[in-house]
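Scroll down for the structure; my scribbles are underneath it.
The values are calculated or read from the model by the stated rules, or taken from the named source; none is laboratory data. These numbers come from a predicted model, not from an experiment. Glycine gets a Cβ as well: all are built from the backbone with ideal geometry, and neighbour counts include every protein chain shown.
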Amino acid sequence: MPTEDSPPVITGIGVTAPTGIGVEAHWAAVLAGKSGIDRITRFDPTPYPVTLAGEVSGFSADDAVPSRLVPQTDHWTHLALAASEAALADARVDPAALPEYEMAVVTASSSGGTEFGQHEMAALYQHEPEWVGAYQSIAWFYAATTGQLSIRHKMRGPCGVLCGEQAGGLDAIGQARRLTRRGARLVVTGGTDASLCPYGVTAQISTGRLSTGTDPARAYLPFDRAAAGHLPGEGGAILVLESAASAAERGVTQPYGSVLGYAAGFDPAPGSGRPPALRRTIGQALADAGLTAGDIDVVFADGSGTPAEDLAEARAISAVFGPYGVPVTAPKVLTGRLYGGGAPLDVATALLALRDGVVPHTAGVESLAPGCDIDLVREAPRSAPLRRALVLARGHGGFNAALVLAR
Amino acid sequence: MSTAGPAAGRRAVITGIGVVAPGGVGREAFWRLLTEGRTATRRLSLFDPALFRSQVAAEVDFDPVAAGLEAREIRRMDRAAQFAVVSAREALADSGVDLSAVAPERIAVGLGSAVGCTMGLEEEYKILSDSGKDWLVDHTYGVPHLYGYMVPSTLAVEVAWAAGAEGPVSLVSTGCTSGIDAVAHAVQLIEEGTADVALAGATDAPISPISAACFDAIRATTSHNDDPEHASRPFDRDRAGFVLGEGSAVLVLEEKSAAEARGAHVYGEIVGSAGRSNAHHMTGLKADGREMAEAIRVALDQARLDPTAVSYINAHGSGTKQNDRHETAAFKRSLGSHAYDIPVSSIKSMIGHSLGAIGSIEVAACALALDRQVVPPTANLHNPDPDCDLDYVPLTAREHRTDVVLTVGSGFGGFQSAMVLARPGVVAHERS
């Protein structure tokens with residue numbers, strides 16, 4: 001029987017991602033190396049240097065979201081509402097049967113309701129202030145998704161929103177774990193993002209880190225000699241994280257896995273000459289889990305796709321695990337970087353890898369860039385007995401996070 | 001290292017306070033305004049409000065050069081980031097903590113913001129879209145830091161750089177409870193043993209056309225355009241919505257024993273905090289105050305304090321009818337008849353409602369109330385709403401023995417947060 005100290009478990013997963021809607025559709029696409037990257041359709045990308053992205057094709061808010069909420073919320077929240085329904089169904093949770101204050105919601109958001117905001121700003125500047133709609137006040141801000149999930153599922157516990165760009169998703173799960181140790185029994189966590197509108201993509205272009213490639217299979221290739229930036233994507237994953245006692249009480253016998261360790265660290269200010277924080281953060285997450293490097297069977301990398309950042313990540317992984325010391329993968333090549341939704345989707349994928357004993361491959365990567373001395377799983381999935389996985393994420397500006405999962 | 005509940009005996013205390021608020025930049029200017037009961041609300045001047053329903057705001061007269069920012073910082077930082085960095089530097093100087101003696105990975109940041117870098121985003125949008133005409137905005141006009149405006153985490157990045165923090169850095173964005181929630185987040189990091197020093201607070205600079213228009217659309221902001229100095233009237237029967245404000249507060253939190261060992265001046269200890277959600281409506285509140293009452297109850301319970309221990313309540317007091325009644329009910333529900341004996345005030349009557357920032361500005365006010373043994377008043381309260389029958393400290397600050405203070409926040413999304421602070425030494429017993 002689980003004790004108070006047993007690590008929390010993940011009992012449900014909902015996916016709305018470029019690789020598929022639903023856990024199994026996503027997993028089948030990942031194993032098949034089937035990419036969700038294609039030419040942007042949400043707007044005409046012709047004027048822009050970036051024309052490819054990972055869109056959640058086949059997603060219809062009218063079908064997946066209560067009709068009243070469709071006009072009240074941004075596409076980013078639509079994707080989370082659909083994923084949360086799926087995650088709770090997957091976990092077989094009936095929120096009405098659990099104590100209202102012991103259920104919480106903590107999501108990550110990188111950029112809020114960007115597309116909704118662009119529409120409303122267009123209305124404001126083309127017309128007059130009174131053209132701005134009432135829902136702008138509840139759709140654009142970063143807490144919209146958490147608020148809507150709390151209301152939709154009648155979860156009245158401590159709610160949260162963490163913004164750390166691509167690292168935010170792991171921070172949200174880390175905070176969800178913290179809440180299970182402070183009285184919450186169940187936390188709906190993870191995240192989504194959707195900034196595939198002209199202003200959202202334009203803002204991303206300003207970083208100089210986006211790939212301008214036009215071949216969907218070659219444009220985003222982390223750790224490859226040909227790496228030239230990343231592609232953006234939309235969607236993500238929502239997870240149901242529960243205290244082990246709560247899951248056992250509900251009769252859950254086979255959760256996807258447990259969260260053994262988590263740590264976050266921040267890179268030094270530019271020009272300080274101090275080393276980046278990723279290596280230390282990995283070490284802290286392992287220590288938090290009570291493990292050493294040898295206990296980890298697979299690493300899900302952040303995979304920036306920017307050569308200098310790829311090299312930094314590969315060096316951090318090699319420093320902890322030794323050169324080629326652990327299988328590494330970055331299935332996000334199939335979706336693009338999903339920002340707030342990215343790490344939750346990686347966690348979902350890692351849990352499925354642990355379940356099925358197979359490391360999905362990093363499709364498209366052919367030859368590793370010089371200095372990237374890692375065992376990047378390429379060409380095809382690799383079967384292996386897997387017990388524990390490490391998921392890494394980095395966010396723009398210097399955020400680093402690491403999460404340790406066990407089968 | 002563990003991220004479990006509070007590690008044995010680890011507590012978070014406030015040793016430094018930095019504030020940028022309407023009415024004056026800096027902690028002491030802020031406290032003078034509050035204790036003199038002056039208001040900083042005025043006709044909105046950051047843009048021409050003529051076409052807007054609400055034309056009042058609480059603005060900061062902020063000169064970034066005078067506030068010590070360098071030219072490059074000013075160029076890349078949104079106004080909200082400028083506020084946060086100036087507040088953080090003031091808090092660090094006030095604290096006197098020697099950060100070179102602390103390992104960088106033991107320094108954390110917990111910063112809150114409701115709307116991030118919205119001013120920068122809107123100003124750039126206007127240019128890139130040719131005033132809204134082009135849906136396909138022209139990326140060739142994009143400034144290099146445009147993405148930094150889109151992701152609110154930039155605000156936490158700037159504070160982390162200002163402090164040399166390399167531990168956990170978080171941007172907490174829970175709408176109008178962000179300020180309390182971000183401080184609570186940082187307290188958790190210290191209590192669980194992940195960090196020894198944390199910069200904790202929040203910032204918002206939302207006085208821009210898009211924010212004003214969206215609050216107009218739901219009639220949340222005041223219509224008292226003819227009398228801007230008296231436009232924010234919480235708990236008064238003539239209230240007419242909140243006054244949009246801006247600002248920032250950042251605190252230096254330290255692990256208690258380390259702060260004591262270096263002989264730091266301690267404003268107060270954060271002894272409890274909790275959040276609950278109403279799961280009712282994104283903007284609507286039920287009159288019974290049930291979930292806020294629960295948050296208060298849990299926060300007091302963490303501190304193992306009885307309602308009678310509370311000597312001052314810093315109310316959310318936004319100046320909307322539904323809020324004032326909701327929280328008055330919440331105080332009675334959680335504190336019982338003692339609610340009638342506790343002075344309650346809303347500093348939003350003086351400095352407006354700066355969305356996510358205000359929660360941390362109110363925590364700063366609470367820490368100063370503990371330190372100075374004075375409670376700030378509720379300005380403009382001449383004709384109390386008959387349904388709001390507590391002691392709201394009308395018009396004039398009050399010298400008052402202040403050992404334990406409660407501050408609350410209520411925000412879009414249905415979030416309700418409560419935090420309890422105590423004067424050093426008051427809560428010496430074990431707490432949960």
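Looking at segment B:367-404, which of the residues that are of a type in the set (A, V, I, L, M, F, W, C) and touching a Pro at 6+ places or on another chain (Cβ under 8 Å) is surrounded by the fewest Cβ atoms within 10 Å (Cβ to Cβ)? Don't jump to the end; show me each part of the working.
First pass over segment B:367-404, keeping only residues of a type in the set (A, V, I, L, M, F, W, C): B:367-370, B:374-375, B:379, B:381, B:388, B:390, B:393, B:395, B:397, B:404.
With touching a Pro at 6+ places or on another chain (Cβ under 8 Å) added as a condition, the list becomes B:369, B:375, B:381, B:393, B:395, B:397.
Values: B:ALA369: 29, B:VAL375: 28, B:LEU381: 24, B:VAL393: 24, B:LEU395: 13, B:ALA397: 18.
Here the residue is B:LEU395.
Check A:ALA96, A:ALA123, A:ALA108 and return the single one that is surrounded by 21 or more Cβ atoms within 10 Å (Cβ to Cβ), more than 7 Å from every other protein chain (Cβ to nearest Cβ) and small (Gly, Ala, Ser). Step through it out loud before you land on a result.
Numbers: A:ALA96 fails: surrounded by 21 or more Cβ atoms within 10 Å (Cβ to Cβ); A:ALA123 fails: surrounded by 21 or more Cβ atoms within 10 Å (Cβ to Cβ).
Selected residue: A:ALA108, the only one of A:ALA96, A:ALA123, A:ALA108 that is surrounded by 21 or more Cβ atoms within 10 Å (Cβ to Cβ), more than 7 Å from every other protein chain (Cβ to nearest Cβ) and small (Gly, Ala, Ser).
Within segment A:124-149, count every residue that is in a helix (DSSP H, G or I) and touching a residue at least 40 places away in the same chain (Cβ under 8 Å). Write out each step before concluding.
Initially, segment A:124-149 is screened for residues in a helix (DSSP H, G or I), giving A:124-126, A:129-131, A:136-139, A:144-149.
Add one more test, that the residue is touching a residue at least 40 places away in the same chain (Cβ under 8 Å), and what stays is A:138-139, A:144-146, A:148-149.
The qualifying residues number 7.
Across segment A:63-82, what is the number of residues that are touching a residue at least 60 places away in the same chain (Cβ under 8 Å) and of a type in the set (A, V, I, L, M, F, W, C)?
Selection size over segment A:63-82: 6.
Quick one: count up the residues across segment B:312-341 that are in a loop (DSSP other than H, G, I, E, B) and free of Cβ contacts under 8 Å to residues at least 60 places away in the same chain. Give the steps one after another, and end with the answer.
Initial filter on segment B:312-341 (in a loop (DSSP other than H, G, I, E, B)): B:315-320.
Keeping just the survivors that are free of Cβ contacts under 8 Å to residues at least 60 places away in the same chain gives none.
Residues that pass the stated criteria total 0.
For segment A:268-278, state whether one or more residues are away from chain B (no Cβ under 14 Å) and either buried (at least 20 other Cβ atoms within 10 Å of the Cβ) or not aromatic (Phe, Trp, Tyr) (or both).
Of segment A:268-278, the ones away from chain B (no Cβ under 14 Å) are none.
Within segment A:268-278, none of the residues are away from chain B (no Cβ under 14 Å) and either buried (at least 20 other Cβ atoms within 10 Å of the Cβ) or not aromatic (Phe, Trp, Tyr) (or both).
How many residues are buried (at least 18 other Cβ atoms within 10 Å of the Cβ) and within 14 Å of chain B (Cβ to nearest Cβ) if we restrict to segment A:41-55?
Start the filter on segment A:41-55 by keeping residues that are buried (at least 18 other Cβ atoms within 10 Å of the Cβ), which leaves A:43, A:45, A:48, A:50-55.
Still in the running and within 14 Å of chain B (Cβ to nearest Cβ): A:43, A:45, A:48, A:50-51.
Qualifying residue count for the region: 5.
Just the residues that are within 14 Å of chain B (Cβ to nearest Cβ) and over 24 Å from A:ARG182 (Cβ atoms), please, taken from segment A:229-265.
Once the filter is applied, which keeps residues that are within 14 Å of chain B (Cβ to nearest Cβ) and over 24 Å from A:ARG182 (Cβ atoms), segment A:229-265 yields A:GLY229, A:HIS230, A:PRO232.
Can you confirm whether A:GLY58 is more than 9 Å from chain B (Cβ to nearest Cβ), assigned to a loop (DSSP other than H, G, I, E, B) and small (Gly, Ala, Ser)?
Working: more than 9 Å from chain B (Cβ to nearest Cβ): yes; assigned to a loop (DSSP other than H, G, I, E, B): yes; small (Gly, Ala, Ser): yes.
Yes; evaluated as a whole, the condition is true for this residue.
Tally up the residues in segment B:235-257 that are crowded, with 24+ Cβ neighbours inside 10 Å, at negative phi and not in a strand (DSSP E or B), please.
Quick first cut of segment B:235-257, residues crowded, with 24+ Cβ neighbours inside 10 Å only: B:235, B:239, B:241-254.
Okay, now just the ones that are also at negative phi, so B:239, B:242-246, B:248-254.
From the residues that got through so far, the ones that are not in a strand (DSSP E or B) too are B:239, B:243, B:246.
The number of residues fulfilling the criteria is 3.
Quick one: how many residues across segment A:351-377 are outside any loop (DSSP other than H, G, I, E, B), in contact (Cβ under 8 Å) with a residue 60 or more places away in the chain and crowded, with 17+ Cβ neighbours inside 10 Å?
Adding up the residues that qualify gives 7.
Collect the residues in segment B:114-154 that are in a loop (DSSP other than H, G, I, E, B), under 26 Å from the mean Cα position of the chain (by Cα) and more than 8 Å from every other protein chain (Cβ to nearest Cβ), keeping them in residue-number order.
B:CYS117
Which of (1) out of contact with any helix residue (DSSP H, G or I) (no Cβ under 7 Å at 6 or more places or on another chain); (2) more than 30 Å from A:GLU4 (Cβ to Cβ); (3) in contact (Cβ under 8 Å) with a residue 40 or more places away in the chain; (4) surrounded by fewer than 21 Cβ atoms within 10 Å (Cβ to Cβ) is the odd one out, the single condition B:LEU44 does not satisfy?
(4)
Within segment B:412-432, can you find the residues that are surrounded by fewer than 22 Cβ atoms within 10 Å (Cβ to Cβ) and in contact with a Pro (Cβ under 9 Å, 6 or more places away or on another chain)?
The answer is B:ARG431, B:SER432.
When the residues of segment A:6-40 are filtered to those that are in a loop (DSSP other than H, G, I, E, B) and away from chain B (no Cβ under 14 Å), which remaining residue is farthest from A:HIS119 (Cα to Cα)? It would help to see each step written out before you state the result.
If we filter segment A:6-40 for residues that are in a loop (DSSP other than H, G, I, E, B), which is where we start, we get A:6-8, A:18-19, A:22, A:33-36, A:40.
Subsequent filtering for residues that are away from chain B (no Cβ under 14 Å) retains A:18-19, A:22, A:33-36.
Values: A:PRO18: 24, A:THR19: 27, A:GLY22: 29, A:GLY33: 35, A:LYS34: 33, A:SER35: 30, A:GLY36: 26 Å.
Of everything passing the filter in segment A:6-40, A:GLY33 is farthest from A:HIS119 (Cα to Cα).
Any idea which of A:THR202, A:THR207 is in contact (Cβ under 8 Å) with a residue 24 or more places away in the chain, not aliphatic (A, V, I, L, M) and not in a helix (DSSP H, G or I)? Walk me through how you get there before you give the answer.
Numbers: A:THR202 fails: not in a helix (DSSP H, G or I).
When all the criteria are applied, what remains is A:THR207.
Based on this model, can you work out whether B:SER277 counts as within 14 Å of chain A (Cβ to nearest Cβ) and touching a Cys at 6+ places or on another chain (Cβ under 7 Å)? It would help to see each step written out before you state the result.
On the way: within 14 Å of chain A (Cβ to nearest Cβ): yes; touching a Cys at 6+ places or on another chain (Cβ under 7 Å): yes.
Taking the combined requirement at face value, the residue satisfies it.
Can you name every residue in segment A:167-194 that is facing chain B (nearest Cβ under 7 Å) and in a loop (DSSP other than H, G, I, E, B)?
Passing the criteria: A:ARG181, A:ARG182.
Any chance segment A:91-100 includes a residue that's of a type outside the set (Gly, Ala, Ser) and on the phi > 0 side of the Ramachandran plot?
Initially, segment A:91-100 is screened for residues of a type outside the set (Gly, Ala, Ser), giving A:92-95, A:98-100.
Keeping just the survivors that are on the phi > 0 side of the Ramachandran plot gives A:92.
Yes, that holds for at least one residue.
Among the residues of segment A:126-145, what is the count of those that are in contact with a Phe, Trp or Tyr (Cβ under 8 Å, 6 or more places away or on another chain) and at the interface with chain B (Cβ under 7 Å from one of its Cβ atoms)?
Total meeting the criteria: 6.
Mind listing whichever residues of segment A:206-226 are more than 13 Å from chain B (Cβ to nearest Cβ) and in contact with a Phe, Trp or Tyr (Cβ under 8 Å, 6 or more places away or on another chain)?
Initially, segment A:206-226 is screened for residues more than 13 Å from chain B (Cβ to nearest Cβ), giving A:211, A:213-226.
Of everything in segment A:206-226, those that are more than 13 Å from chain B (Cβ to nearest Cβ) and in contact with a Phe, Trp or Tyr (Cβ under 8 Å, 6 or more places away or on another chain) turn out to be A:SER211, A:GLY213.
Scan segment B:71-93 and tell me whether some residue there is assigned to a loop (DSSP other than H, G, I, E, B) and surrounded by fewer than 23 Cβ atoms within 10 Å (Cβ to Cβ). Can you show your working first?
Step one: filter segment B:71-93 for residues assigned to a loop (DSSP other than H, G, I, E, B), giving B:77-78.
Restricting the remaining residues to those that are surrounded by fewer than 23 Cβ atoms within 10 Å (Cβ to Cβ) gives none.
Looking through segment B:71-93, none of the residues is assigned to a loop (DSSP other than H, G, I, E, B) and surrounded by fewer than 23 Cβ atoms within 10 Å (Cβ to Cβ).
Looking at segment A:76-113, which of its residues are polar (S, T, N, Q) and either farther than 11 Å from A:LEU149 by Cβ or in a helix (DSSP H, G or I) (or both)? Quick ask: steps written out before the conclusion?
Here is the first cut: in segment A:76-113, the ones polar (S, T, N, Q) are A:77, A:84, A:107, A:109-111.
Across segment A:76-113, the qualifying residues are A:THR77, A:SER84, A:SER109, A:SER110, A:SER111.
Please state which one of B:GLU294, B:GLU269, B:GLU260 is assigned to a helix (DSSP H, G or I) and over 22 Å from A:GLU102 (Cα atoms). Reasoning before the result, please.
Values: B:GLU294 fails: over 22 Å from A:GLU102 (Cα atoms); B:GLU269 fails: assigned to a helix (DSSP H, G or I).
Just a single option satisfies the conditions, and that option is B:GLU260.
Any idea which of A:ALA237, A:ALA245 is surrounded by fewer than 19 Cβ atoms within 10 Å (Cβ to Cβ), in the same structural domain as A:LEU88 (by TED's automatic domain parsing) and of a type in the set (A, V, I, L, M)? Working first, answer last.
On the way: A:ALA237 fails: surrounded by fewer than 19 Cβ atoms within 10 Å (Cβ to Cβ).
Answer to the selection: A:ALA245.
In this structure, is B:ALA162 part of a strand (DSSP E or B) and more than 7 Å from every other protein chain (Cβ to nearest Cβ)?
Numbers: part of a strand (DSSP E or B): no; more than 7 Å from every other protein chain (Cβ to nearest Cβ): yes.
For B:ALA162, the condition - part of a strand (DSSP E or B) and more than 7 Å from every other protein chain (Cβ to nearest Cβ) - is not met.
Please work out which residue is farthest from the other protein chains (Cβ to nearest Cβ), limiting yourself to segment B:187-223 and to residues that are under 22 Å from B:GLY272 (Cα atoms) and in a loop (DSSP other than H, G, I, E, B).
Only one residue tops the list, namely B:ASP196.
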